[in-house]
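First comes the structure, then the notes that go with it.
The values are calculated or read from the model by the stated rules, or taken from the named source; none is laboratory data. Note that this is a predicted model, so its numbers are computed, not measured. Positions of Cβ are generated from backbone atoms using ideal geometry, with glycine treated the same way; all protein chains shown enter the neighbour counts.
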């Protein structure tokens, strides 16, 4: 996350700079970023009123949804729109965000907005971010690392209590950060960065480092009673309850899950339980992505950056399009779990 692309927001923590246009350097050769009036990466001007002749889909997620590494038109959200001509897709993806910030973005920016479908795409690893009060960022201008304060929720007798709002302005030096639970995700991000550099220099090391990561698999999904899952579940359940249109829940797996180096059964079980509890339709893209990855090994992600490539976004779009089309045609009246293959 390069902080010169973003500006402060007192509730969400940050948004893209409204009206921003530019090219971002990247290992894939660079990509074009265009932001709209609301401070999100979208070629659409966000409007509350419906667009005549169009059915609107709102998409929320983190950098995998926002499209780190690829230009706007190559993201799965834009590809869904291109394949469904009577559909317009508003992409609210926010890099480095937790599910808490994504939910707050929905409340703040889409509260009065007309929409026909809500597509929630939490990256599986977002469960950790919800436990943090700050996120590690990288400045594209100076190259230094810093901690960016963020809003977060606590649970009080099962109810969400919003904390750290207004979000403190400014950044905290990494060397001043407390080595406590909220910073686990930041430490893990640094470790992954170091592993990526090692993987690039020493072919064959990736499999070993992924096996090592499996030994340290986060436990938040391993039981429905962990604090991490209880918080994630409550945020998503409240979000789904507030939705004014059908909801598709489509968790985005990590590439460690896709490669089979990390067990996926725990997170799949938790989201299946949430789908049954809330009535949101669950679209599980993991098997479909594994199948496509097997036929085109290494094509769905960048060599070091663990984000989807253009081919990766195309694969996600291909898996989601039939379910989005069905939902817009009114086919989600009976909630079900759908495996996208």
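Assorted remarks:
- In the stretch 111-123, the residues that are out of contact with any strand residue (DSSP E or B) (no Cβ under 6 Å at 6 or more places or on another chain) and surrounded by fewer than 24 Cβ atoms within 10 Å (Cβ to Cβ): 111, 112, 113, 114
- Options 248, 240: the member that is over 26 Å from residue 82 (Cβ atoms) and in contact with a strand residue (DSSP E or B) (Cβ under 7 Å, 6 or more places away or on another chain): 240
- Pick from the stretch 312-337, criterion surrounded by fewer than 19 Cβ atoms within 10 Å (Cβ to Cβ) and touching a strand residue (DSSP E or B) at 6+ places or on another chain (Cβ under 7 Å), ranking: modelled with the highest pLDDT: 337
- Scope the stretch 63-76; condition buried (at least 24 other Cβ atoms within 10 Å of the Cβ), outside any loop (DSSP other than H, G, I, E, B) and in contact (Cβ under 8 Å) with a residue 40 or more places away in the chain; matching residues: 64, 65, 76
- Listed conditions (1) in contact with a strand residue (DSSP E or B) (Cβ under 8 Å, 6 or more places away or on another chain); (2) part of a helix (DSSP H, G or I); (3) surrounded by 22 or more Cβ atoms within 10 Å (Cβ to Cβ) are all met by residue 287, apart from (3).
Residue by residue, here is whether (1) in contact with a helix residue (DSSP H, G or I) (Cβ under 8 Å, 6 or more places away or on another chain); (2) within 27 Å of residue 73 (Cβ to Cβ); (3) part of a strand (DSSP E or B) holds:
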{"position": "89", "(1), (2), (3)": "yes, yes, yes"}
{"position": "93", "(1), (2), (3)": "yes, yes, no"}
{"position": "97", "(1), (2), (3)": "yes, yes, no"}
{"position": "105", "(1), (2), (3)": "no, yes, no"}
{"position": "147", "(1), (2), (3)": "yes, no, yes"}
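- Residue check for residue 50: surrounded by fewer than 16 Cβ atoms within 10 Å (Cβ to Cβ), part of a loop (DSSP other than H, G, I, E, B) and at pLDDT below 95: no
- Against the conditions (1) in contact with a strand residue (DSSP E or B) (Cβ under 7 Å, 6 or more places away or on another chain); (2) under 15 Å from residue 32 (Cα atoms), residue 67 satisfies every one except (1).
- The stretch 133-145, subset under 22 Å from the mean Cα position of the chain (by Cα), closer than 25 Å to residue 25 by Cβ and in a loop (DSSP other than H, G, I, E, B), residue modelled with the highest pLDDT: 139
- Every residue from the stretch 34-63 that is over 20 Å from residue 83 (Cα atoms) and within 17 Å of the chain's Cα centre (by Cα): 39, 40, 61, 62, 63
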